[in-house]
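The values are calculated or read from the model by the stated rules, or taken from the named source; none is laboratory data. Here the structure is a predicted model, which means the values were calculated and not measured. Ideal geometry is used to build each Cβ from the backbone, glycine not excepted, and the neighbour counts take in all protein chains shown.
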Amino acid sequence: MITVGVVGYGVIGRRVADAVSAQPDMQVIGVVKKKPDYKAKLAISKGFSVYAADGESRKMFEDAGLQISGEIKDLVSEVDIVVDASPGKVGASNRDVYRSLGKKVIYQGGEPADVADLSFVAQCNFEKAEGKSSVRVVSCNTTGLCRLLNALDTNFGIDKARVVIIRRATDPDEPGKGIIDAVSLDPVHIPSHHGLDVNTVLPHVKIITTAVKIPTTHMHVHTLMISLKDSTATKDQVIDVLNGTTRILLISSKDGFKSTGQVFDYARELGRWRSDMYELVVWKDSINIIDGEIYLYMGVGQEAIVIPEVVDAIRALIGGYTRDESISMTNKTLNILKYKA
Ligand code: NAD
């Protein structure tokens, strides 16, 4: 069994802890929490050992009367590999702890790319993680873009991709960060950082991105315009390629998927933990080719899309698995599916 420590038990860390626990070859030894809030109590009630983020955090747990098993160093020293799911940029400040104990680490997309040896998306570069001591699983938007662009680039060659990203303002558990009755240009500067982040995984793909935030908490939507090197590509060929690509789900407005609302409703019916949508969803009937350019809409469930990537990153860093073995184990345990649109 691969022993895993999860540092941070928020949006991503809670999902990682459950997904890792569901793997036949992995075991969660404990999770790190900063504050003794309801999430810490949930971790304890699920049977996870909880560790404090630092001395100040330990005191908060003691004052709250919550039993902890130690501090971050105690957990890290016990495990084969650490998944750091602390808030953006905090992971980089935990790096010295991981290095001093010689542990392999998976960071998240909120960290700078140079925090780790490799920016990772399983279906794009699983093999490149071999022998590395750390990877950064890229952000939710970058993960979705890499899955789609890698499939199209491999099959048709991408000349240039232009993407408008319409982002959820905040996650459901952080309403204080939201925007109300406005569209926020975030950033105003063009291009946004997302395209540059795609290039940390797919350096050869030419991509320009812009991003705005809207007042919603479930899912990002991307509008893509992609010119191909293969000018003979047809709409049906594009649909076949996306249908044959793991972790991409084609949906259709003919079945009633006309907004992120129906995607979220569908996800609730799948009976997964927290209504999680691990797949990148692509509206099949939005796919069109005009003057040699592909146009399409896709949706990214920001809370869950990176979770299968983190599970695969653990196997990629530990070694001994092929890409397809790992992806298929992860897909099976998380019930990742293909819906026929
Ligand atoms: P979050 O704020 O929901 O959770 C962070 C957790 O880290 C909390 O449990 C907190 O107690 C803990 N923590 C705080 N300070 C800590 C410290 N010093 N040491 C250890 N733990 C500490 O954050 P999140 O949304 O889960 O994001 C985590 C990472 O995942 C970020 O890099 C983020 O950019 C990335 N990410 C987030 C999303 C998303 O939609 N929320 C999607 C993809 C990637």
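What the table below lists for this structure:
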{"item": "Criterion (under 20 Å from the mean Cα position of the chain (by Cα) and either under 16 Å from residue 23 (Cβ atoms) or part of a helix (DSSP H, G or I) (or both)) met by exactly one of 314, 305", "result": "314"}
{"item": "Counted residues, the range 6-15 - those being at negative phi and in a loop (DSSP other than H, G, I, E, B)", "result": "2"}
{"item": "Selected residue [assigned by TED's automatic domain parsing to the domain that holds residue 264, touching a residue at least 24 places away in the same chain (Cβ under 8 Å) and assigned to a loop (DSSP other than H, G, I, E, B)] from 163, 205", "result": "205"}
{"item": "Any chance residue 32 is in the same structural domain as residue 316 (by TED's automatic domain parsing), in contact with a helix residue (DSSP H, G or I) (Cβ under 8 Å, 6 or more places away or on another chain), within 9 Å of the ligand (Cβ to nearest atom) and not basic (Lys, Arg)", "result": "yes"}
{"item": "Condition check for residue 241: surrounded by fewer than 20 Cβ atoms within 10 Å (Cβ to Cβ), outside any strand (DSSP E or B) and β-branched (Val, Ile, Thr)", "result": "yes"}
{"item": "Test result for residue 181, acidic (Asp, Glu) and either at pLDDT 95 or above or assigned to a strand (DSSP E or B) (or both)", "result": "no"}
{"item": "Some residue of the range 269-280 being free of Cβ contacts under 8 Å to residues at least 40 places away in the same chain and aromatic (Phe, Trp, Tyr)", "result": "no"}
{"item": "Hits in the range 104-144 (condition: of a type in the set (Val, Ile, Thr), within 15 Å of residue 278 (Cβ to Cβ) and not in a loop (DSSP other than H, G, I, E, B))", "result": "137, 143"}
{"item": "Unmet requirement for residue 101, which otherwise passes all of (1) of a type outside the set (Lys, Arg); (2) touching a residue at least 24 places away in the same chain (Cβ under 8 Å); (3) within 13 Å of the ligand (Cβ to nearest atom)", "result": "(3)"}
{"item": "The range 208-222 - residue that is assigned to a strand (DSSP E or B) and among the polar types (S, T, N, Q) and, of those, surrounded by the fewest Cβ atoms within 10 Å (Cβ to Cβ)", "result": "210"}
{"item": "Hey, residue 297 touching a residue at least 24 places away in the same chain (Cβ under 8 Å) and either outside any helix (DSSP H, G or I) or over 30 Å from residue 118 (Cα atoms) (or both) or not", "result": "yes"}
{"item": "Some residue of the range 68-84 being under 24 Å from the mean Cα position of the chain (by Cα), near the ligand (Cβ under 8 Å from one of its atoms) and of a type outside the set (A, V, I, L, M)", "result": "yes"}
{"item": "Qualifying residue in the range 16-28 (condition: part of a helix (DSSP H, G or I), within 10 Å of the ligand (Cβ to nearest atom) and either within 17 Å of residue 135 (Cβ to Cβ) or not assigned by TED's automatic domain parsing to the domain that holds residue 315 (or both))", "result": "yes"}
{"item": "Enumeration of residues in the range 166-209 that are among the aliphatic types (A, V, I, L, M) and within 29 Å of residue 122 (Cβ to Cβ)", "result": "166, 169, 196, 198, 201, 202, 205, 207, 208"}
{"item": "Qualifying positions in the range 30-85 - within 20 Å of residue 135 (Cα to Cα), small (Gly, Ala, Ser) and outside any loop (DSSP other than H, G, I, E, B)", "result": "77"}
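Matching residues to (1) within 15 Å of the chain's Cα centre (by Cα); (2) in the same structural domain as residue 11 (by TED's automatic domain parsing); (3) not aliphatic (A, V, I, L, M):
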residue: 98; (1), (2), (3): no, yes, yes
residue: 103; (1), (2), (3): no, yes, yes
residue: 109; (1), (2), (3): yes, yes, yes
residue: 113; (1), (2), (3): yes, yes, no
residue: 116; (1), (2), (3): no, yes, no
residue: 123; (1), (2), (3): yes, yes, yes
residue: 127; (1), (2), (3): no, yes, yes
residue: 130; (1), (2), (3): no, yes, yes
